[in-house]
C-alpha cells in the first residue's frame, strides 16, 4: 500500500497527577507512528476525540504533535508522549492524523480507539 501508517499506543495512569476528590484523572500515553507505506509522509495535524464515561467529549484539533511535524520515510518511526485529563476513572481516546505524502497526496491516518483507565476499574 502506498500510504500505510501504523499507530501503536501505550497508556499509563498518573496517580500522582490525579485528584479524585476533584474528579480529575490524569493519563499519559506514548504513541509510536510507523510508516509502513511505500513513500515518505509528513504528519501535519491531529484531531482527537477524548471521551469520559459520562459521555462528555472533548475535541482537540491542532498542528503537528508535541510541537513537531515529523516526516517519516518508509520503515521509519516517530514516538512521542503526551497526556489527557478526564473527569471519570475511565474513558477513551481516538482520532486521526492529517498526513501528506511525498507525492503531495493528503490522507488521514486513523488512531484506533484506546482506553484510559485507572488501574482495577475495568472488570
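The table below gives the values:
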quantity	calculated
Footprinting exposure proxy for 18, 77 (fewest neighbouring C-beta atoms within 10 Å first)	77, 18
Distance between modelled label sites at residue 90 and residue 60, nm, 7 Å Cα→Cβ extension	2.1
Residue order, fewest to most beta carbons within 10 Å, for 115, 11	115, 11
Cα gyration tensor shape for the stretch 34-82, rounded if a/c is under 1.5, else prolate or oblate	prolate
Most fluctuating residue given options 55, 64, 95, as computed from a GNM of the chain linking Cα atoms under 10 Å	55
Label selected from (1) 1.13; (2) 1.06; (3) 1.03, the criterion being Rg/Rh (Cα atoms, Kirkwood Rh) as computed here	(3)
Relative contact order of the stretch 5-117, pairs being alpha-carbon contacts under 8 Å that are 6 or more residues apart, as %	31
The stretch 76-123 and the stretch 1-62: distance between their alpha carbon centers, rounded to Å	3
Ascending count of other beta-carbon atoms within 10 Å, so fewest first, for 103, 58	103, 58
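Here, each number is a calculation from the coordinates, and none is a lab measurement. Quick caveat, the model's predicted, so the values are computed rather than measured. FYI the Cβ positions are ideal-geometry reconstructions off the backbone, even for glycines, and counts take in every protein chain you see.
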